[in-house]
Ligand SMILES: [Zn+2]
């Protein structure tokens with residue numbers, strides 16, 4: 001018996017039984033993504049926060065009492081979650097912050113936070129007897145689904161991905177043995193095709209926003225942050241935003257912890273978009289609601305956050321609004337510059353979309369959205385090895401050196417200078 005009480009439309013508040021609906025609100029259509037809600041009164045009475053932290057389950061499954069799983073449900077065997085929360089005092093000092101932590105999600109098995117969502121959807125598939133999972137993705141969600149399915153013999157992955165995705169992400173998909181469709185199309189087009197064909201073929205569609213359970217996986221990052229900080233919340237969490245489901249997932253996680261009485265306040269959520277893909281920033285500034293947003297062209301070096309019509313837009317706008325957060329956008333040059341800045345100040349190598357959060361943190365401080373003596377968690381959503389070409393661009397060219405000691409010493413002197 002599942003512990004879900006209801007599915008509730010983020011937009012109209014319509015309530016549905018989990019058995020009645022698989023994807024989105026029938027009244028609102030695709031913009032009406034669904035919150036998975038539980039009997040929080042019962043959970044509050046039954047669960048103890050430190051007991052969950054101390055339990056023997058690994059990674060995100062230590063939170064399984066707060067996830068949409070039956071008591072004995074199987075989960076994929078890869079260890080997802082339990083990623084480090086690293087203090088970054090040097091970077092904090094440089095930015096004038098009192099404290100800064102980096103949640104290094106690049107340490108997940110396929111090197112991005114999307115592993116949490118794909119593992120959750122795969123666990124749902126196992127529970128519901130679904131065999132074929134399909135997703136559209138800019139790369140990371142697909143790699144995550146391909147990896148999780150490779151580790152779970154009953155499950156097959158079909159991937160719709162733009163041919164323009166970084167080569168490392170495409171290589172991951174192929175190496176994991178997923179059925180890969182490299183489409184001469186944008187992410188938004190791939191998304192629509194994947195959903196349509198999934199419905200026709202009766203595949204289980206993992207598409208972000210469409211599938212309500214991706215958020216349930218992503219919220220476990222918020223649970224971990226809270227536990228790692230001893231349940232004392234930072235002033236803000238800064239996260240880059242494409243479709244909006246990571247920021248929406250964090251919000252749901254923090255909100256549930258407050259509902260359970262395990263934290264006293266939720267951090268403000270600062271959403272960071274690339275200037276070339278900033279539909280949510282524009283909508284928030286112009287006061288346009290999620291239902292009125294229309295697709296627009298999107299282009300940025302940070303492929304993971306390139307989305308012309310963010311699919312979880314209602315949840316993303318709500319996350320920032322309800323936490324009294326802020327939206328900022330940053331140009332690609334600032335995103336590229338943030339890659340070596342983050343790496344050299346902390347040892348964490350981020351892909352462009354993840355480094356965008358650092359560029360956005362600086363922008364939020366400059367615009368007065370964050371006070372200089374505040375405490376902040378920066379979500380590093382994916383590893384830098386996902387997009388080595390962008391990383392190389394961020395540090396410029398280095399010429400080869402002749403294998404001669406005198407030349408080597410001269411070259412080192414020049415590089416120190
Ligand atoms: Zn609705």
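So the values come out like this:
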{"read-out": "Every residue from the stretch 178-191 that is assigned to a helix (DSSP H, G or I) and closer than 10 Å to residue 160 by Cα", "value": "187, 189, 190, 191"}
{"read-out": "Residue selected from the stretch 1-15 under the condition near the ligand (Cβ under 8 Å from one of its atoms), touching a residue at least 12 places away in the same chain (Cβ under 8 Å) and not in a strand (DSSP E or B), by the criterion surrounded by the most Cβ atoms within 10 Å (Cβ to Cβ)", "value": "10"}
{"read-out": "Qualifying position, being in a helix (DSSP H, G or I), more than 16 Å from the ligand (Cβ to nearest atom) and loosely packed, with under 15 Cβ neighbours inside 10 Å, among 64, 90", "value": "90"}
{"read-out": "Number of the condition not met by residue 50 [criteria: (1) on the phi < 0 side of the Ramachandran plot; (2) surrounded by 14 or more Cβ atoms within 10 Å (Cβ to Cβ); (3) away from the ligand (no atom under 16 Å from the Cβ)]", "value": "(2)"}
{"read-out": "Residue in the stretch 101-121 that is surrounded by the fewest Cβ atoms within 10 Å (Cβ to Cβ), counting only those that are touching a strand residue (DSSP E or B) at 6+ places or on another chain (Cβ under 7 Å) and within 20 Å of residue 180 (Cβ to Cβ)", "value": "111"}
{"read-out": "Residues of the stretch 329-347 satisfying the condition of being in contact with a helix residue (DSSP H, G or I) (Cβ under 6 Å, 6 or more places away or on another chain) and assigned to a helix (DSSP H, G or I)", "value": "334, 335, 336, 338, 339, 340, 342, 345, 346"}
{"read-out": "Any hit, the stretch 16-27, residues being modelled with pLDDT of 95 or more, in contact with a helix residue (DSSP H, G or I) (Cβ under 7 Å, 6 or more places away or on another chain) and more than 16 Å from the ligand (Cβ to nearest atom)", "value": "no"}
{"read-out": "Flag if residue 71 is surrounded by 16 or more Cβ atoms within 10 Å (Cβ to Cβ) and away from the ligand (no atom under 16 Å from the Cβ)", "value": "no"}
{"read-out": "Any pair with Cβ under 9 angstrom, 6 or more apart, that starts in the stretch 97-111 at a residue that is without any contact (Cβ under 8 Å) to a residue 12 or more places away in the chain and ends at one that is surrounded by 24 or more Cβ atoms within 10 Å (Cβ to Cβ)", "value": "none"}
{"read-out": "Pair list, Cβ < 9 Å and 6+ apart or interchain, from the stretch 22-36 residues that are at positive phi and in contact (Cβ under 8 Å) with a residue 60 or more places away in the chain to residues that are more than 8 Å from the ligand (Cβ to nearest atom) and in a loop (DSSP other than H, G, I, E, B)", "value": "none"}
{"read-out": "Filter result (assigned to a loop (DSSP other than H, G, I, E, B), under 30 Å from residue 242 (Cβ atoms) and at pLDDT below 95) within the stretch 375-417", "value": "396, 397"}
{"read-out": "Candidate set from the stretch 39-61 (those that are without any contact (Cβ under 8 Å) to a residue 12 or more places away in the chain and assigned to a loop (DSSP other than H, G, I, E, B)); member that is farthest from residue 6 (Cα to Cα)", "value": "56"}
{"read-out": "Residue 76, sole failed condition from (1) modelled with pLDDT of 95 or more; (2) over 21 Å from the mean Cα position of the chain (by Cα); (3) under 18 Å from residue 127 (Cβ atoms); (4) assigned to a loop (DSSP other than H, G, I, E, B)", "value": "(2)"}
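The values are calculated or read from the model by the stated rules, or taken from the named source; none is laboratory data. The shown structure was predicted, so the numbers you read here are calculated from the model rather than taken from an experiment. Note that we place each Cβ from the backbone using ideal geometry, even for glycine, and neighbour counts take in every protein chain shown.
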